[in-house]
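Nothing in this text is a laboratory measurement; each read-out follows from the coordinates by a stated rule. Source: prediction; values computed, not measured. No Cβ is skipped: glycine too gets one built from the backbone with ideal geometry, and neighbour counts run over all protein chains shown.
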Amino acid sequence: MPHRSNLQLFLGRLTSRSLLHTDEQQAILDLPAYASQVSGNQDFVCLGETSDFACLVAAGLVGRFGQNAEGGRQITALHIPGDMADLHSVVQPRAGSALQALTTTTILRIPHDAIRRVAARYPAVAEAFWRDCMVDAAILSQWVVNVGRRNARTRMAHLICEAATRSRKDGESQALTFQLPMTQAHLADSTGMTAVHVNRTLKSLVDVVKFSGSTVHIHDWDRLAATGEFDPGYLQIAAEPAERLRIAEPA
């Protein structure tokens, strides 16, 4: 299958938290997927739009956002390769939040009907989907606290720590050098600041983290995490194999 490697990334996200048997994993890898490339700063799921597919990020970076009546946007989550950015749309097809490619991004559109069939046939897969959506909800909760109750340095440090932790390779607790192709305008929309305030805030953190274009270099993880009040538990990505959950069992 041409998109198997991208579906494997999504499967890896699911199996990092959920225990799935071989046939259940294969059912996910066999999902039909239709690729499209989206230019940077282009919306590909609009607010209020009703869709019949969910979007898997294959390459690039996606922001989920809400928007006020004047058109001001608040990014409420970042989605990296392997994320099904709107898996919740399978049960709520009308978009309450929108999706934008923050850089040139490849999206795999997976029909809702196909996802529903797999979930109906394999209850443990449905459980894994549910758990994945709960992680997205936990991230949203943290982002609300970040914008509403943390100062500028803490907000920015927390966002960078989350991105570093989610960008880690196997065997790492976080990535100390990684790609984060966000402009200062994107960072502003993610942290509730102006672009000018973002620039000042990044300068205030230069002793612990530095941006070189889209590459982030973390010089002192412990200080950055302390500044950001960052506890990675809400991401649920450090589970040992024995801790991965499975409630559903075959009848």
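Note on residue 34 and residue 168: the extension gain reaches 45.5 nm, defined as 0.36 nm multiplied by sequence separation minus the Cα-Cα distance.
Given only helices, namely DSSP H runs of n ≥ 4 each adding -39500 (n - 2.57), what is the per-residue ellipticity at 222 nm of the chain, to the nearest 500 deg cm²/dmol? Could you put the intermediate results ahead of the total?
Working: 8 runs with 97 residues, N = 251.
That comes out to -12000 deg cm²/dmol.
Model label points for residue 8 and residue 144, set 7 angstrom from Cα along the Cα-to-Cβ axis, are 3.8 nm apart. Summarising the label geometry, the points placed 7 Å from Cα in the beta-carbon direction at residue 52 and residue 231 lie 4.5 nm from one another.
Scalar couplings 3J(HN,Hα) for the stretch 15-30, obtained by applying the Karplus form with A = 6.51, B = -1.76, C = 1.60 to θ = phi - 60°, are 6, 6, 10, 10, 8, 10, 6, 4, 5, 5, 5, 5, 4, 5, 5, 8 Hz; x denotes Gly and Pro.
Within the P(r) computed for the stretch 35-130, what percentage of the Cα pairs occupies the region above 24 Å?
20 percent
Three principal axis extents of the stretch 151-228 based on alpha-carbon atoms, in descending order, are 36, 23, 18 Å.
Across the stretch 198-212, rounded Karplus estimates of 3J(HN,Hα) from the backbone phi angles (6.51 cos²θ - 1.76 cosθ + 1.60, θ = phi - 60°) give 4, 4, 5, 5, 4, 5, 6, 9, 4, 6, 10, 8, 9, 9, 10 Hz, Gly and Pro being marked x. Each Lys or Arg adds one and each Asp or Glu subtracts one; over the other residues with Cβ under 14 Å from the Cβ of residue 194, this totals +2.
R0 = 51 Å: FRET efficiency of residue 70 with residue 177, Cβ-based, nearest 0.05? Mind dumping the intermediate values first?
Numbers: r = 38 Å, r/R0 = 0.74.
Once the sixth-power term is evaluated, E becomes 0.85.
Computed from label points 7 Å out along Cα-Cβ, the spacing between residue 206 and residue 121 is 5.7 nm. Assuming a ≥ b ≥ c are the square roots of the Cα gyration tensor eigenvalues, decide whether the stretch 93-251 counts as rounded (a/c under 1.5), prolate (otherwise, with a/b larger than b/c) or oblate. Because a/c hits 1.5 or more and a/b exceeds b/c, the stretch 93-251 counts as prolate. Amide H to amide H, with H built 1.01 Å from N, residue 219 comes under 5 Å of 209, 210, counting only residues 5 or more places away or on other chains.
Evaluated with a Cβ-only charge set (Lys, Arg +1; Asp, Glu -1), the stretch 97-251 carries a dipole of roughly 400 debye about its Cα centre, given to the nearest 20.
At a Förster distance of 35 Å, what's the computed FRET efficiency of residue 199 paired with residue 134, Cβ-Cβ distance as r, to 0.05? Could the numbers behind the result be given before it?
Numbers: r = 35 Å, r/R0 = 1.01.
After rounding, the FRET efficiency stands at 0.50.
For residue 18, the residues 5 or more places off, or on other chains, whose built amide H falls under 5 Å of its own are 245.
For residue 59, the amide hydrogen comes within under 5 Å of the amide hydrogens of 106, counting only partners 5 or more places away or on other chains and with H modelled in the peptide plane.
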